[in-house]
Amino acid sequence: MASVAKEWREIPGRYNLRGTKCGSCGKVFFPSRSFCPVCRRESIGKVEDYKLDRHGEVYSFSVVHEAPESCSMLKPYAVVMVRNRDGVLLSGQMVDVDVDAIEIGMPVRAVLRKLDADGLAGVIHYGFKFTPDL
Amino acid sequence: MDVGIVSYGAYVPRYRIKPEEIGKIWGVDGKGMGKGLMIFEKSVPSPDEDVVTIATEAARNMMARVPEVDPQDIGAVYVGSESHPYAVKPTSTIVAESIEATPAMTAADLEFACKAGTAGIQACMGLVGSGMVRYGVAVGADTSQGAPGDALEYSASAGGAAFLIGSEGIIARIDKTASFTTDTPDFWRREGQPYPLHGGRFTGEPAYFRHIISAAKMLMKEMGTEPGDYQHAVFHQPNGKFPTRVAKQLGFSDEQIKFGLLTPNIGNTYSGAVPLGLANILDNAVPGDRIFVTSYGSGAGSDAFDITVTDAIEDYKRDNAPTLDKVLADPVYIDYGMYAKFMGKILMSE
């Protein structure tokens, strides 16, 4: 069972694609970082909260046939890399699509879905997955 | 002060199953059953969808259409459903977090069978009208349950719609609301039970029809209106037959209910049913249109609303989110085996 507190800390990123942006060079980080590895000392105190756009295009993908327990109901499914409208690469599961219909360049958007649950009695973990954009 | 709908959003899962596919498993004429109920297919949630994800998608579509509204100005979030994923732990906090309305706000989950969504609209009207909050969000959403082989299995589906209630930038003014409520045990689900039970034919005349007709007549009497004064009407739709019949009994035509009647193509979305019908009417409404709404929740009660579409709908950014036409296009049909897996009806090993 995952730590409830650890999962809770990740809510801003998982629900709303909250990352960070370096106030010095403008680079966006997702998941968020409090320090820019490019500007290093220059970035101290300048890294700001940044909400990433939920829309983007498939940059690359891979179809998963041997799934972990949490995703076994959805196999086969694709894990996609998505270049969002901010130019940031995100990765996640792609759902509500025939895996044979996924193409590089396909417009997608991030939606909220169940990622996992701690058994029948534990916490349900929600987060973003990708679906074809309407 | 005028209070009304500032924005709305809708969502229905992509998967569908047809009644003939369900009937085939249980040795029943499914096609005939579908014809009798006036349900030709119903939506099915994906295994990773529930009321939280459906309500969130609807609420995000609602917020996308009003980029000028700061979610921090939302003072209340109510999610009405009879399939909240937790028995204890609110759906509404997750939805509120997903539209970034937290933390200076109140929230609660509502339950009143199929009318918890419209009860949320009334609660938000009160909070906005009294000046307690600037905006309130009311969502009606369900992933409804029907026991395998039961008549409900042909209708129970999934979907939801969200409404931003306020007094500024109103696209549809709520002129009046009236409710009719009694203790009528026509449909229920006890704590811990996976499937609801119902009173069969008792769900008709003393329950659905009595409450809808009473609330509708009360409202029209208070407003001094008659059915002909409205361009659109939407009634609770556990199947396609009941709302068509109740509309006729009240004096509304098939033309008036055509945009509000979605059940024949998506099934009964319970708390989502009237909210989705209203969303589809608003997708097609023009300034000056008058809308008559009456929900029904077993147990039992009906909330009726008289709504007038304002000129503000012309500048409303409806296309910032998919309209129901787009949401419902391109469905994926599944067989009963896949349906059983999606709905968690297969007993898995630990």
Exercise for review: Note down all Cβ pairs under 7 Å where the first residue falls in region B:266-295 and is over 17 Å from B:A162 (Cβ atoms) and among the polar types (S, T, N, Q), the second is modelled with pLDDT under 95 and not in a strand (DSSP E or B), and they're at least six residues apart or on different chains.
Suggested key: B:N268/B:S144
Exercise for review: With respect to A:S24, determine if the residue is surrounded by 13 or more Cβ atoms within 10 Å (Cβ to Cβ), over 19 Å from the mean Cα position of the chain (by Cα) and hydroxyl-bearing (S, T, Y).
Suggested key: yes
Revision key, fill the gap. Of the candidates B:V79, B:V137, B:V95, B:V128, the one satisfying the condition of being within 11 Å of chain A (Cβ to nearest Cβ) and outside any loop (DSSP other than H, G, I, E, B) is B:V95
Practice item. Kindly indicate the residue of region A:54-80 that is of a type in the set (A, V, I, L, M) and out of contact with any helix residue (DSSP H, G or I) (no Cβ under 9 Å at 6 or more places or on another chain) and also surrounded by the most Cβ atoms within 10 Å (Cβ to Cβ) among those meeting that condition. Key: A:V80
Check your understanding: Which one of B:D48, B:D29 is within 14 Å of chain A (Cβ to nearest Cβ) and free of Cβ contacts under 8 Å to residues at least 24 places away in the same chain?
Key -> B:D48
Exercise for review: Restrict the check to region A:109-125 and report whether at least one residue is free of Cβ contacts under 8 Å to residues at least 12 places away in the same chain and under 22 Å from B:R60 (Cα atoms).
Suggested key: yes
Exercise for review: Taking A:F61 as the residue in question, decide whether it is more than 14 Å from chain B (Cβ to nearest Cβ) and in contact (Cβ under 8 Å) with a residue 40 or more places away in the chain.
Suggested key: yes
Check your understanding: When you look at B:T118, is it modelled with pLDDT of 95 or more, polar (S, T, N, Q) and under 13 Å from the mean Cα position of the chain (by Cα), yes or no?
Key -> yes
Practice item. Identify the single condition in (1) outside the structural domain of A:F128 (by TED's automatic domain parsing); (2) touching a His at 6+ places or on another chain (Cβ under 9 Å) that A:Y15 does not satisfy, given that it satisfies every other one. Key: (2)
**Study point:** Flag for B:V128 being within 24 Å of B:A215 (Cα to Cα) and over 21 Å from the mean Cα position of the chain (by Cα)
**Key:** yes
Exercise for review: Only residues in region A:13-42 that are within 14 Å of chain B (Cβ to nearest Cβ) and touching a residue at least 12 places away in the same chain (Cβ under 8 Å) count as the first member; pair them with residues that are surrounded by 13 or more Cβ atoms within 10 Å (Cβ to Cβ) and in a helix (DSSP H, G or I), Cβ under 6 angstrom, at least 6 apart or cross-chain, and list the lot.
Suggested key: A:Y15/B:E97; A:Y15/B:S98; A:R18/A:P12
Review point. Given the structure, is A:V82 closer than 17 Å to B:F342 by Cβ, β-branched (V, I, T) and either away from chain B (no Cβ under 11 Å) or in contact (Cβ under 8 Å) with a residue 12 or more places away in the chain (or both)?
Key: no
Practice item. Go through region B:187-265 and tell me which helices (runs of 4 or more DSSP H), entirely inside it, have 3 or more residues that are in contact with an Asp or Glu (Cβ under 9 Å, 6 or more places away or on another chain). Key: B:210-223, B:241-250
Point to revise | Subset of region A:90-122 that is surrounded by fewer than 17 Cβ atoms within 10 Å (Cβ to Cβ) and not small (G, A, S) - its residue that is nearest to the other protein chains (Cβ to nearest Cβ) | key: A:D98
Exercise for review: Kindly list, by first and then second residue, each pair from a residue in region B:13-26 that is under 19 Å from B:T143 (Cβ atoms) and assigned by TED's automatic domain parsing to the domain that holds B:A156 to a residue that is of a type in the set (D, E) and at pLDDT below 95, limited to pairs with Cβ atoms under 8 Å and residues at least 6 apart or on different chains.
Suggested key: B:R14/B:D330
Point to revise | Tabulated pairs, region B:84-98, first surrounded by fewer than 24 Cβ atoms within 10 Å (Cβ to Cβ), second of a type in the set (D, E), C-beta under 6 angstrom, 6+ apart or interchain | key: B:P85/B:D50; B:P90/B:D109
Check your understanding: Which one of the conditions (1) more than 14 Å from every other protein chain (Cβ to nearest Cβ); (2) outside any loop (DSSP other than H, G, I, E, B) does B:N61 fail to meet, given that it meets all the rest?
Key -> (1)
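Okay, residues lined up against (1) closer than 21 Å to B:M220 by Cβ; (2) in contact with a helix residue (DSSP H, G or I) (Cβ under 9 Å, 6 or more places away or on another chain); (3) assigned to a loop (DSSP other than H, G, I, E, B):
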{"residue": "B:V274", "(1), (2), (3)": "yes, yes, no"}
{"residue": "B:P287", "(1), (2), (3)": "no, yes, yes"}
{"residue": "B:D303", "(1), (2), (3)": "yes, yes, no"}
{"residue": "B:D306", "(1), (2), (3)": "yes, yes, no"}
{"residue": "B:K326", "(1), (2), (3)": "no, no, no"}
{"residue": "B:D330", "(1), (2), (3)": "no, no, yes"}
{"residue": "B:M338", "(1), (2), (3)": "no, no, no"}
{"residue": "B:K341", "(1), (2), (3)": "no, yes, no"}
Exercise for review: Please state which one of B:E222, B:E226, B:E191, B:E205 is touching a strand residue (DSSP E or B) at 6+ places or on another chain (Cβ under 9 Å) and assigned by TED's automatic domain parsing to the domain that holds B:P275.
Suggested key: B:E222
Study note, to complete from the structure: A:G119 fails exactly one of (1) in a helix (DSSP H, G or I); (2) at pLDDT below 95, namely (1)
Check your understanding: Can you tell which of B:A107, B:A87 is part of a strand (DSSP E or B), over 18 Å from the mean Cα position of the chain (by Cα), within 30 Å of B:G344 (Cα to Cα) and of a type outside the set (K, R)?
Key -> B:A107
Review point. Of B:D325, B:D319, which residue is touching a residue at least 12 places away in the same chain (Cβ under 8 Å), within 14 Å of chain A (Cβ to nearest Cβ) and within 19 Å of B:A64 (Cβ to Cβ)?
Key: B:D325
Study note, to complete from the structure: Within region B:144-161, the residues that are over 16 Å from B:L262 (Cα atoms) and either free of Cβ contacts under 8 Å to residues at least 12 places away in the same chain or not in a loop (DSSP other than H, G, I, E, B) (or both) are B:A151, B:L152, B:E153
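The values are calculated or read from the model by the stated rules, or taken from the named source; none is laboratory data. Remember, it's a predicted structure, so these values are computed and weren't measured experimentally. We place every Cβ from the backbone using ideal geometry, glycine too, and count neighbours over all the protein chains shown.
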